[in-house]
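The values are calculated or read from the model by the stated rules, or taken from the named source; none is laboratory data. No experiment lies behind these values; they were computed from the predicted model shown. Virtual Cβ from ideal backbone geometry, glycine too; neighbours counted across all protein chains shown. The area values use the complete protein model at the heavy-atom level, side chains included, leaving out ligands, DNA and RNA. Shrake-Rupley method; radii C 1.70, N 1.55, O 1.52, S 1.80 Å.
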2 protein chains.
Amino acid sequence: MTDVIAQLTDALGEAVVTDAARLGAAQADESGHRSSAPPLAIVNARSIDDVQATMRIATATRTPVVTRGAGTGLAGGAIAASGEIVLSTLAMDRVLEINADDLLAVVEPGILNGRFNEILAEQGLWFAPDPASRAISTVGGNIATNAGGLLCAKYGVTRDAVLGLKVVLPDGRLLTLGHRSVKGVTGLDLTALMVGSEGLLGVIVEATVRIRREVPGTLATIASFYPGVRDAAAASAAITAAGLQPAVMELVDPTVLRAIDRHVGSSLSARGNAHLAVQFDGPGAAEDAKRALAVIADVGGDADLTTDRAEADELLAARRAAHGAIAAMGTTLIEDVSVPRTALPAMFDAIAEIEKTYGLTIPTLAHAGDGNLHPNFVFAGPDVPDEIWDAAGELFTAALKLGGTLTGEHGIGILKKRWLGDELGDDQLQLQRQIKQVFDPLGILNPGKVF
Amino acid sequence: MTDVIAQLTDALGEAVVTDAARLGAAQADESGHRSSAPPLAIVNARSIDDVQATMRIATATRTPVVTRGAGTGLAGGAIAASGEIVLSTLAMDRVLEINADDLLAVVEPGILNGRFNEILAEQGLWFAPDPASRAISTVGGNIATNAGGLLCAKYGVTRDAVLGLKVVLPDGRLLTLGHRSVKGVTGLDLTALMVGSEGLLGVIVEATVRIRREVPGTLATIASFYPGVRDAAAASAAITAAGLQPAVMELVDPTVLRAIDRHVGSSLSARGNAHLAVQFDGPGAAEDAKRALAVIADVGGDADLTTDRAEADELLAARRAAHGAIAAMGTTLIEDVSVPRTALPAMFDAIAEIEKTYGLTIPTLAHAGDGNLHPNFVFAGPDVPDEIWDAAGELFTAALKLGGTLTGEHGIGILKKRWLGDELGDDQLQLQRQIKQVFDPLGILNPGKVF
């Protein structure tokens, strides 16, 4: 072990950190989970060369490596433990190219999504992947988890925005995957395979991504309030059934709404128990919003419309504050099931049933436009009680029955490993493990995660 | 061999065809290529069970299998040769579900893209993947090649429209990949890996796809004419540089324009040498088209605008007739390079250079909105002359230099195998072969294709 640190220091100098506080921080992420002992060292890679040098040493010494960006993951995918090297790509944060005519950009993995969007905005451009964490999460991390967010029903998931990747393999070889063109079908699509691979297959060291021009026209944003969460879910279903395609449609249940009010000092819960924010963009936005208002009135909602951008940003900022608001209630296990959007009311029924069975309150928010729910389990102390794992298990079973998935955008990481086989089935799980072995025959990349 | 046919007939009865004419037809596709000897037999699968039974016999007897839809491929990917079983999924052509509220459909692989869209249109819905062959190609084939088409810059490629797949492995096991929800990140994305895998990894027997609601508003279509192909390319670049996003932008060079006129009896070439069709949809279409007209006038183009749908369909039908029009000129090798859209003029320069070097005319059309070009080599006789392969090789080198790809939407099949390594590099090629081996350890699926 000291030999590994010595080799790393020889090759990488001051990029290698063994400071106890820094090592301790790498034992956790935003999942609330923590490994039992600190890793060996952190390498703050500054270049592709640094990543390659680290991986060569890791392979030569058979040392496990956990790739890490900003550590904002919610599934424990970037948590490091005893004997592991943390390969941080956070310092590789340059925007290497912005090409407005080809609508593509080339970035290093460590750039924060929010920062990248600030830079793009100077040229009237933006990057569609929009996780709620965008101010604090990296583009590399977004790619490694195939991050979702608020805009997916209209603007797609992260995978749809990635044209090409540079990837360092466990043995230090550098691969160039994909292309700069919109289309490309040469061989198997390893770019798509890398997206969402949670650090299992290689280290993403550069990404060529699709960017978009700012959407022209007014932004029309609706804040609407309902007696209960099922009414809000019914309103969201009625809006899409009316043929409308909001850019954003965010649902918050009563417990979360009150938590947000406490956390940011708003008074949303004075207007109703459940909240649905609906935002339209593009040239038809004002017209679409008017139609949505009529649909909301029909189902008994109470709604306001704004075309003021600052007011709209404030409204969505409240939604983005939900994670912090819930975390302030206790230790939180954030779940992330996803179902076809029409199954949203049925999924809320299943959650109510689980609440009753286990005597729990499960504060829930949802990306209602795409059917992705975040039910939260809040408890005291550092460890998830068995009873809560049991309740979470029932949640997953319900989502799978409705044609959905264990995880819509956070990933499997450590937290959902035990249910992986329930969704994939044994045959697919076996294939996935074999693919992992093709990329990482020694099993040194993020061991113990996902599989 | 007779034993294989006997086993197939025992298991599948009249689904097994050994008629010489039918076997002969399976030796070719629309690439102009033909295998040297007919396959063993064709299995016209009617169900997933039929596919599983066929694959079990193929595995037990180590017999190669070529999966085939409508046989409209342009790269030789579904051509069958001596000793091979052709597994046709053309008879598996049912639409199993259309869900307008969740905007998804479940289909069997053999349904024609055009037929599927007719059925969807009855409910005001459509399926975005739009290859020029859509009237005659299957959705299964579109998925197996990650088909592109006319609408990709705005509406994405086939991969973006596939949520989940059922796949039969070489040994007959059935896998269920993906989900019905918009989001889903459980494990490695094998759904995306299957899209564009050209029959190498498994047999696609069912697909859950994203569908869309008909785009509201007028369709505004521009026909524009230019002195030369480079001017048309410059116009397309100027349109996107003006921040406009056409749904369709199709470029035709002088030789192809005259061939279309001869083939369908139009008189487009009377108006100019090169043609660019530009179509806008959505609520802003009329406004966008007006702006595009101004851009076209600025670069010296001569343009007409129509908002009449029948007129627009006629215009795009001429574009869709290009393949037939060129085929009428002789045996054709259709190429399919793709470059970032701003590199389109540079790619036309490279084509002109190759024409000069080889003393050839290379009739070319392009999906200008996404930078995908189809340069066509026309020659006499059944076999591609060496000189034309050399010229094609230079074309690929030029596309790769510009950040593009050998193939934007047709695939590697047989025709581009020899250049595969130039794009992927040795390390990636090795990984791709190993992944193939994970799915197909005996190497019985589409042997000799791609790799």
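Here are the numbers for the structure shown:
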{"read-out": "Top-ranked residue of the range A:101-122 - restricted to ones that are open to solvent by 10 Å² or more (accessible area, probe 1.4 Å) and in a helix (DSSP H, G or I), ranked as nearest to residue A:30 (Cα to Cα)", "value": "A:114"}
{"read-out": "Scope the range A:131-144; condition touching a residue at least 40 places away in the same chain (Cβ under 8 Å) and in a helix (DSSP H, G or I); matching residues", "value": "A:139, A:140, A:141, A:143, A:144"}
{"read-out": "All positions within the range A:433-451 that are at negative phi and over 21 Å from the mean Cα position of the chain (by Cα)", "value": "A:433, A:434, A:435, A:436, A:437, A:438, A:439, A:440, A:441, A:442, A:444"}
{"read-out": "Test result for residue A:37, at negative phi and either of a type in the set (Ser, Thr, Tyr) or not in a helix (DSSP H, G or I) (or both)", "value": "yes"}
{"read-out": "Options A:147, A:128: the member that is among the aliphatic types (A, V, I, L, M), part of a loop (DSSP other than H, G, I, E, B) and surrounded by 23 or more Cβ atoms within 10 Å (Cβ to Cβ)", "value": "A:147"}
{"read-out": "Condition check for residue A:98: over 28 Å from residue A:376 (Cβ atoms) and open to solvent by less than 40 Å² (accessible area, probe 1.4 Å)", "value": "no"}
{"read-out": "Every pair of residues 6+ apart whose Cβ atoms lie under 7 Å, when the first sits in the range B:391-420 and is more than 8 Å from every other protein chain (Cβ to nearest Cβ) while the second is of a type in the set (D, E, K, R)", "value": "B:392/B:335; B:395/B:335; B:396/B:422; B:400/B:422; B:400/B:423; B:413/B:198; B:413/B:449; B:414/B:449"}
{"read-out": "Which listed residue, of B:434, B:430, is surrounded by fewer than 24 Cβ atoms within 10 Å (Cβ to Cβ), more than 7 Å from chain A (Cβ to nearest Cβ), part of a helix (DSSP H, G or I) and at pLDDT 95 or above", "value": "B:430"}
{"read-out": "Conditions (1) more than 7 Å from every other protein chain (Cβ to nearest Cβ); (2) open to solvent by 50 Å² or more (accessible area, probe 1.4 Å); (3) of a type outside the set (Gly, Ala, Ser): number failed by residue A:444", "value": "(2)"}
{"read-out": "For residue A:269: the one exception among (1) in a loop (DSSP other than H, G, I, E, B); (2) away from chain B (no Cβ under 14 Å)", "value": "(1)"}
{"read-out": "Given (1) of a type in the set (Val, Ile, Thr); (2) open to solvent by less than 10 Å² (accessible area, probe 1.4 Å); (3) part of a helix (DSSP H, G or I), number of the condition residue B:342 does not satisfy", "value": "(2)"}
{"read-out": "Number of the condition not met by residue B:142 [criteria: (1) more than 14 Å from chain A (Cβ to nearest Cβ); (2) within 15 Å of the chain's Cα centre (by Cα)]", "value": "(1)"}
{"read-out": "Filter result for residue A:236 (open to solvent by less than 10 Å² (accessible area, probe 1.4 Å) and either part of a loop (DSSP other than H, G, I, E, B) or on the phi > 0 side of the Ramachandran plot (or both))", "value": "no"}
{"read-out": "Matching entry among B:96, B:12 (being within 14 Å of chain A (Cβ to nearest Cβ) and touching an Asp or Glu at 6+ places or on another chain (Cβ under 8 Å))", "value": "B:96"}
{"read-out": "Any hit, the range B:284-301, residues being more than 14 Å from every other protein chain (Cβ to nearest Cβ), in contact with a Ser or Thr (Cβ under 8 Å, 6 or more places away or on another chain), outside any helix (DSSP H, G or I) and closer than 15 Å to residue B:247 by Cβ", "value": "no"}
{"read-out": "Unique residue being assigned by TED's automatic domain parsing to the domain that holds residue A:301 and either touching a strand residue (DSSP E or B) at 6+ places or on another chain (Cβ under 9 Å) or closer than 23 Å to residue A:68 by Cα (or both) when the list is A:203, A:229, A:209", "value": "A:229"}
{"read-out": "Of the criteria (1) buried (at least 24 other Cβ atoms within 10 Å of the Cβ); (2) more than 18 Å from residue A:431 (Cα to Cα); (3) within 13 Å of chain A (Cβ to nearest Cβ); (4) in contact (Cβ under 8 Å) with a residue 60 or more places away in the chain, which one residue B:181 fails", "value": "(4)"}
{"read-out": "Matching residues, the range B:59-75, being within 14 Å of chain A (Cβ to nearest Cβ) and open to solvent by less than 10 Å² (accessible area, probe 1.4 Å)", "value": "B:75"}
{"read-out": "Candidate set from the range A:397-419 (those that are within 13 Å of residue A:75 (Cβ to Cβ) and more than 18 Å from the chain's Cα centre (by Cα)); member that is surrounded by the fewest Cβ atoms within 10 Å (Cβ to Cβ)", "value": "A:418"}
{"read-out": "From B:159, B:230, B:262, residue being open to solvent by 10 Å² or more (accessible area, probe 1.4 Å), within 14 Å of another protein chain (Cβ to nearest Cβ) and not in a loop (DSSP other than H, G, I, E, B)", "value": "B:159"}
{"read-out": "Complete set of residues in the range B:302-337 that are open to solvent by less than 10 Å² (accessible area, probe 1.4 Å) and part of a strand (DSSP E or B)", "value": "B:333, B:336"}
{"read-out": "Per-region count, the range A:197-209, residues within 10 Å of another protein chain (Cβ to nearest Cβ) and either open to solvent by 10 Å² or more (accessible area, probe 1.4 Å) or part of a strand (DSSP E or B) (or both)", "value": "2"}
{"read-out": "Residue that is more than 21 Å from residue B:182 (Cβ to Cβ) and open to solvent by less than 10 Å² (accessible area, probe 1.4 Å), where the choices are A:174, A:190", "value": "A:190"}
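Residues checked against (1) over 15 Å from the mean Cα position of the chain (by Cα); (2) touching a residue at least 24 places away in the same chain (Cβ under 8 Å):
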residue: A:158; (1), (2): no, yes
residue: A:172; (1), (2): yes, yes
residue: A:175; (1), (2): yes, yes
residue: A:185; (1), (2): yes, no
residue: A:197; (1), (2): no, yes
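Each row is one residue, and each column tells you yes or no for (1) modelled with pLDDT of 90 or more; (2) within 14 Å of chain A (Cβ to nearest Cβ); (3) closer than 20 Å to residue B:231 by Cβ.
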position: B:304; (1), (2), (3): yes, no, yes
position: B:313; (1), (2), (3): no, no, no
position: B:323; (1), (2), (3): no, no, no
position: B:326; (1), (2), (3): yes, no, no
position: B:339; (1), (2), (3): yes, yes, yes
position: B:352; (1), (2), (3): yes, no, yes
position: B:359; (1), (2), (3): yes, no, no
position: B:375; (1), (2), (3): yes, no, yes
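Conditions (1) over 21 Å from residue B:164 (Cα atoms); (2) in contact with a Gly (Cβ under 8 Å, 6 or more places away or on another chain), marked per residue:
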position: A:364; (1), (2): yes, no
position: A:375; (1), (2): yes, no
position: A:394; (1), (2): yes, no
position: A:407; (1), (2): no, yes
position: A:414; (1), (2): yes, yes
position: A:429; (1), (2): no, yes
